[in-house]
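Trainee: Let me begin by handing over the structure; questions about it come next.
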Amino acid sequence: MNTKDFTYKTSQLLPDLGSYTAEAPSNIALVKYWGKYGEQLPKNTSISYTLDNCKTKTEVVLKKRIEADDQFHFEVYLDGDLKPAFKSKIETFLKRIETYTPFLKSFEFEIHTKNTFPHSSGIASSASGMAALSKCFMAMENSVKPELTDEFLAQKTSFLARLGSGSACRSTGGKLVVWGKHEDIEGSSSFFGIDYPHEVHPNFRAFQDSILLIDEGQKQVSSSIGHDLMHGHPFAEQRFQQADDNISKLKSILSSGNFDEFFALVESEALSLHAMMMTSSPYFILMKPNTLEVINKIWELRRSEEVQIGFTLDAGANVHLLYPNTSSARVRKFITEDLIQFCQGDKVIHDQIQF
Ligand code: PMV
């Protein structure tokens, strides 16, 4: 594809006053994105489940400026409170998407955002946040160009979100979303995420994700620094190859419905991601002792009772427990009796994937 396809072209003007709202969910990657190049393009293909409950809701309120200048004029509010600290990340995003949303400089606008999950929980809100904001901007474009096709809207929304935060492009639509060009995935692109186009066995269509909040503190190393550390990383090329190979393997697992192979691959992905962090220069560790306690408990339960359960990790200490709905009763008991003791403030967020 050509990125010029997404350049904004219309003589139709937006109204002088307007308000656009959208919501977008969080996602959890099964095959991880870690390492990028150029304008937020991924070094390997990734795939994620879209969550149902953890979401960001955003409203953009605009007023036409008397005179447009070469600046963005905006404020950001979280739960009604002004958040000057959020501005620089959003300003970077606005600059990156300027060619595709040139109308923004003609307005002064307020971004009002809220998350359905606690802000301090350690769950990244950048994916759902950038996805929701991109949806608002596309709603603006669509309001003056009602002829846009669903396909164009889906692709450009994800394309914009990617420029805010890579993984955000997997949060703008679809339940199982692939990002990154891959020869085994039809229609895949490094510019935007697509709905996984191949067969998914019913075993993987009704899943739970219980997020164990191990550590609510601020991460010591942000994901943008982590991505950067993949440049010149001694194992980078092997890692990108491993992830792309895992996409092909996962494709056959998703159609066969094999739980054991699914959990083996997903857990290996999570640990490989963290292994990259531990072997970066400078190295860092985002897992905490309780992350390892929980992982060992999961392996013990799986060994002793053959429960269908596995885990994955984001760029943080929290553990995402993944299990099919059929394991729910046993896993909920397991969380209460064996795992909650390792969670900060006994906090667990139960989410799900249904499609
Ligand atoms: O979207 P970013 O730049 O915050 O990167 C997130 C990367 C991981 O969450 C660690 C993995 C992934 O694929 O979501």
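Taken together, the values in this text are just the output of simple stated rules run on the coordinates, not laboratory data. Owing to the predicted nature of the structure, the values given are computational and were not obtained by experimental measurement. In this analysis, Cβ positions are derived from the backbone assuming ideal geometry, glycine residues included, and neighbour counts consider all displayed protein chains.
Trainee: Could you work out the helix-only [θ] at 222 nm for the chain, with each DSSP H run of four or more residues adding -39,500 (n - 2.57) and the total divided by the number of residues, to the nearest 500 deg cm²/dmol?
Mentor: Taking each H run of at least 4 residues, the total per residue is -10500 deg cm²/dmol.
Trainee: Would you please give the FRET efficiency between Lys249 and Ser106, computed as 1/(1 + (r/R0)^6) with r the Cβ-Cβ distance and R0 = 51 Å, to the nearest 0.05?
Mentor: The calculated FRET efficiency here is 0.55.
Trainee: If you don't mind, there's one more thing I want to ask. Take the chain, connect every pair of alpha-carbon atoms lying under 10 Å apart with a spring to form a Gaussian network, then pick out the residue of Glu183, Glu108, Glu305 with the largest mean-square fluctuation.
Mentor: The residue with the greatest mean-square fluctuation here is Glu305.
Trainee: So how much slack lies between Arg65 and Ala275, counting 0.36 nm per residue of separation and subtracting their Cα-Cα distance, in nm?
Mentor: 70.6 nm
Trainee: Moving on to the next point. When the Cα centres of the range 319-344 and the range 151-209 are compared, how far apart do they sit, in Å?
Mentor: That distance is 28 Å.
Trainee: With springs connecting C-alpha atoms under 10 Å apart, model the chain as a Gaussian network and identify which of Ala317, Ala29, Ala206 has the largest mean-square fluctuation.
Mentor: Ala206
Trainee: Please find the FRET efficiency linking Gln241 to Gln341, where r is the Cβ-Cβ separation and R0 is fixed at 25 Å, and quote it to the nearest 0.05.
Mentor: Values: r = 39 Å, r/R0 = 1.56.
Between Gln241 and Gln341 the formula returns 0.05.
Trainee: Would you work out which of Ser223, Leu292, Thr326 lies farthest towards the positive end of the dipole of the range 204-354, given +1 charges on the beta-carbon of Lys and Arg and -1 on that of Asp and Glu, about the Cα centre?
Mentor: Thr326
Trainee: Cα centroid distance between the range 239-266 and the range 72-138, in Å?
Mentor: Each part reduced to its Cα centre gives a spacing of 34 Å.
Trainee: Under a no-solvent Debye model with one identical scatterer per Cα of the chain, what's log10 I(q)/I(0) at q = 0.07, 0.14 Å⁻¹?
Mentor: The Cα Debye sum returns log10 ratios of -0.30, -1.18.
Trainee: Please list the non-local residues whose amide H lies under 5 Å from the amide H of Asn53, H modeled 1.01 Å from N, same-chain partners needing a gap of 5 or more.
Mentor: Gln352
Trainee: Does the range 151-221 come out rounded, prolate or oblate, given a ≥ b ≥ c as the square roots of the eigenvalues of its C-alpha gyration tensor, rounded meaning a/c under 1.5 and, failing that, prolate meaning a/b above b/c? All intermediate terms of the calculation are to be shown ahead of the outcome.
Mentor: Working: a/c = 2.24, a/b = 1.24, b/c = 1.80.
In terms of gyration-tensor shape, oblate.
Trainee: Distance in nm between label sites at His350 and Lys181, each 7 Å beyond Cα in the beta-carbon direction?
Mentor: About 4.4 nm, to one decimal.
Trainee: What FRET efficiency comes out for Leu292 versus Arg330 if R0 is 22 angstrom and r is the Cβ-Cβ distance? Round to the nearest 0.05.
Mentor: 0.50
Trainee: Turning to a different aspect of this structure: From the Cα gyration tensor of the range 71-225, with a ≥ b ≥ c the square roots of its eigenvalues, which class applies: rounded if a/c is under 1.5, or else prolate if a/b is larger than b/c, or else oblate?
Mentor: Details: a/c = 1.89, a/b = 1.11, b/c = 1.70.
Because a/c hits 1.5 or more and a/b fails to exceed b/c, the range 71-225 counts as oblate.
Trainee: By how many nm would the segment from Asn2 to Glu23 lengthen if fully extended, with 0.36 nm per residue of separation less the alpha-carbon distance? Spell out each step's value before the answer.
Mentor: Numbers: separation 21, 0.36 × 21 = 7.56 nm, distance 2.77 nm.
In short, 4.8 nm is gained.
Trainee: Given Ser106, Ala22, Ser128, which one lies farthest toward the positive end of the charge dipole of the range 1-147, if we put +1 on the Cβ of every Lys and Arg and -1 on the Cβ of every Asp and Glu?
Mentor: Ser128
Trainee: With both bridge residues required to lie in the chain, what share of the DSSP beta bridges run antiparallel, to the nearest 5%?
Mentor: 90
Trainee: Here is a further query. By per-residue mean of other Cβ atoms within 10 Å, what is the highest-first order of 84-90, 38-44?
Mentor: Working: 84-90: 13.4, 38-44: 17.0.
The packing order, highest mean first, is 38-44, 84-90.
Trainee: A further question follows. Top mean-square fluctuation among Lys114, Lys55, Lys145, Gaussian network model of the chain, C-alpha springs under 10 Å?
Mentor: Among Lys114, Lys55, Lys145, the largest mean-square fluctuation in the Gaussian network model of the chain belongs to Lys145.
Trainee: Roughly how big is the range 67-174's charge dipole about its Cα centre, with Cβ charges of +1 (Lys, Arg) and -1 (Asp, Glu), in debye to the nearest 20?
Mentor: Approximately 500 debye in magnitude.
Trainee: By counting other Cβ atoms within 10 Å of each Cβ, how are His227, His73 ranked from fewest to most?
Mentor: Numbers: His227 19, His73 14.
Result, fewest neighbours first: His73, His227.
Trainee: For a label point 7 angstrom out from the Cα of His198 toward its Cβ, which stretches of the range 150-185 have the backbone nitrogen within less than 13 Å?
Mentor: 178, 182-185
Trainee: Still on this structure: Semi-axes of the equivalent ellipsoid of the range 204-354: what are they in whole Å, largest first, if each equals the square root of 5 times a C-alpha gyration tensor eigenvalue?
Mentor: After scaling each eigenvalue by five and taking roots: 26, 21, 12 Å.
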